[in-house]
Structure formats: C-alpha cells, structure tokens
Amino acid sequence: MDTLTPELKQAVEQAGDSPVRLTDPETHRAFVLVSAEVYERLLVDAVDRREQAAFLRAAKKNAHARLFEDA
C-alpha cells in the first residue's frame, strides 16, 4: 500500500471531509481521493441500492402478475 506524499496529505487536510480531485498530467484521467470510511460507506450504499432495485423489480413483476391473473 502506498502512503500519502506530504503534498497529498496537505490537500486532504485542507479538503476536510470533501474528496480531493486529482488529474494525471500524462493521461488527463481524473481521480478522486476519499477516506477509507467514505469509500466503505459508498460500497455499502451501492449494495443497498442494488438490493432495493431487485426488490422493486420483484414487486412490480408480482403486481403485474396479480393484475392479469383474473383477466
């Protein structure tokens, strides 16, 4: 695992709870540096959203089946 350079550490401290945006000068790709706590929370939120979406799809399918059950 890499460690923060003094410059990155200063940028993180100045940003507080906000992410730090970085750009690779050679490729111009953008990156976002966030704390491990924020990253873990984002992962959990993504899983929660996928589970919610799956639940809604199943509920809609069930409701559709019931609607046309008597037809």
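The values are calculated or read from the model by the stated rules, or taken from the named source; none is laboratory data. Everything numeric here is computed off the predicted structure, so don't read it as measured data. So basically every Cβ, Gly included, is an ideal-geometry build from the backbone, and we count neighbours across all protein chains shown. Accessible surface is based on the protein model in full, side chains and every heavy atom, while ligands, DNA and RNA are left aside. Shrake-Rupley method; radii C 1.70, N 1.55, O 1.52, S 1.80 Å.
A few points about this structure:
- Total residues in the range 22-32 satisfying the condition of being among the β-branched types (Val, Ile, Thr) and outside any loop (DSSP other than H, G, I, E, B): the figure is 2.
- Residue satisfying condition, being open to solvent by 70 Å² or more (accessible area, probe 1.4 Å) and under 21 Å from residue 4 (Cα atoms), within set 49, 29: 29
- Residue that is nearest to residue 4 (Cα to Cα) [pool: residues in the range 57-71 that are open to solvent by 100 Å² or more (accessible area, probe 1.4 Å) and under 26 Å from the mean Cα position of the chain (by Cα)]: 57
- Residue 36 vs. criteria surrounded by 12 or more Cβ atoms within 10 Å (Cβ to Cβ), modelled with pLDDT under 95 and not basic (Lys, Arg): no
- Considering residues of the range 2-21 that are in a loop (DSSP other than H, G, I, E, B) and loosely packed, with under 10 Cβ neighbours inside 10 Å only, the residue farthest from the chain's Cα centre (by Cα): 5
- The one condition in (1) at pLDDT below 85; (2) open to solvent by less than 80 Å² (accessible area, probe 1.4 Å) that residue 24 fails to fulfil: (1)
- When residue 51 is tested against (1) assigned to a loop (DSSP other than H, G, I, E, B); (2) under 19 Å from the mean Cα position of the chain (by Cα); (3) acidic (Asp, Glu), exactly one condition is not met: (1).
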